[in-house]
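This report refers to the structure that appears directly beneath it.
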Amino acid sequence: MNNIVTTVLAAAALVASAGATSAQTNTLAQIKARGVLNCGTSPGLAGFAMPDAQGNYKGLDVDLCRGIAAAIFNDPLKVKFVPLSSKDRFTALQAGEVDLLSRTTTWTMSRDTSLGLNFAGVNYYDGQGFMVRKKLGVDSALKLAGASVCVAQGTTTELNLADYFRSNKMKYEVVAFAGGDETIKAYESGRCDVFTTDSSGLYAERLKLQVPADHIVLPEIISKEPLGPVVRHGDDNWFDVVKWTHNAMLNAEELGVTQANVEQMLKSDNPEIKRLVGTEGKFGEAIGLTNDWAYRIVKHVGNYGDVFDRNVGEGSLLKIARGQNALWTKGGLQYAPPIR
């Protein structure tokens, strides 16, 4: 917890010194002039941001950045991915080393206010969980009294962990590491009894273990972890571009506009679809883009459902159910304001 506080205060100080200049920036103009989007992302988390054998990043968070690049450049490949540890991500964003974070980052009040950041939506509703070795015979987090717990520093995970054990009057030993890779390696080597992070991360990290089937994810979810893209304070237009990229992907899924049928949808008579694909209205111009901005996103990257399925859903190795991440029309929490 001390590390979290230290990180917050240090980052807040950095914001104060940079605030005067950040308000003057035009991030979109800088990206257009640079010719590439700088996207801060995870060093390697299956389903969210992971380089393949050729070094090409893939994942849910990666595809959000590719969608933004498609909206700006009509080219989803014009993204430079900058891998960032949990500890370093906010200072990198505040210092202007990246244009946004798309990196499994939980939206909290302190980050949204003290750090001088804006969260542009929630692209994955998550919650913190625990993973243990099956041979321990533990089937509930309430049986973890006295356990040693591996955790990454600079995350909300440490605070949630402390709250959960204190609330349930259980003692534990925290074993903290700078990054996710070090943390999961420490768990596998036996440095601790338990590995904790967001539930999606547990399933992703389990794939890295020598025998994934020897480990189980316990049923308890101990926190709300709304994950989403983050930008700096002081540039509302850039905030709009990132926010509406995510919203466009959600609206496309709700309207049945997919990567497979988006060309046909250019001929649709549905007024909502016409506004989405840019054959009616000037919604792209309002955020400094062309009016086919959302068409470009869906054409090159897909709608939210397309992206979810191939990265973390049934079309992926993780096979995570949509659950809370289903559209609001199907009992989930994913909801986007309309384009009109």
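The values are calculated or read from the model by the stated rules, or taken from the named source; none is laboratory data. Computed from a prediction, not measured in an experiment: that's the story for all the values here. Each accessible area value is taken on the protein alone, full model and side chains, heavy atoms only, with ligands, DNA and RNA left out. Shrake-Rupley method; radii C 1.70, N 1.55, O 1.52, S 1.80 Å.
Quick one: what do you get for region 235-340 if you divide its Cα Rg by 2.2 N^0.38 Å? Display every interim value, and only then the final one.
Values: Rg = 13.8 Å, N = 106, 2.2 N^0.38 = 12.9 Å.
Computed over Cα atoms of region 235-340, the ratio equals 1.07.
Please compute the per residue accessible area over the chain with all protein chains in place, 1.4 Å probe, rounded to a whole number of Å². Working shown, then result.
Numbers: 14840 Å² over 340 residues.
Using a 1.4 Å probe on heavy atoms only, each residue of the chain averages 44 Å².
Would you mind telling me the share, in percent, of accessible area of region 109-172 contributed by carbon and sulfur at probe 1.4 angstrom?
Numbers: 1410 of 2700 Å².
So the carbon and sulfur contribution to the accessible surface is 52 percent.
Counting helices only, and only those DSSP H runs with n ≥ 4, report the 222 nm mean residue ellipticity of the chain as the sum of -39,500 (n - 2.57) divided by its residues, in deg cm²/dmol to the nearest 500.
On the way: 13 runs with 130 residues, N = 340.
Result for the chain, helices only: -11000 deg cm²/dmol.
Over 31 Å between Cα atoms, which of K171/K243; K135/K171; K58/K87; K134/K243; K87/K282; K58/K135 qualify? Kindly include the intermediate steps, with their values, before the conclusion.
Numbers: K171/K243 41 Å; K135/K171 21 Å; K58/K87 22 Å; K134/K243 41 Å; K87/K282 41 Å; K58/K135 33 Å.
The pairs that break the limit, which is 31 Å between Cα atoms, are K171/K243; K134/K243; K87/K282; K58/K135.
How big is the shadow of the Cα convex hull of region 35-175, averaged over all directions, in nm²?
Values: hull surface 41.9 nm².
Orientation-averaged projected area of the Cα hull: 10.5 nm².
Among Q264, Q324, Q94, which one moves the most in a GNM of the chain with springs linking Cα atoms closer than 10 Å?
Highest fluctuation of the listed residues: Q264.
Starting from one equal scatterer on each C-alpha and no solvent at all, send me the Debye-based log10 I(q)/I(0) for the chain at q = 0.08 Å⁻¹, two decimals.
Log-scaled intensity ratios, in q order: -0.39.
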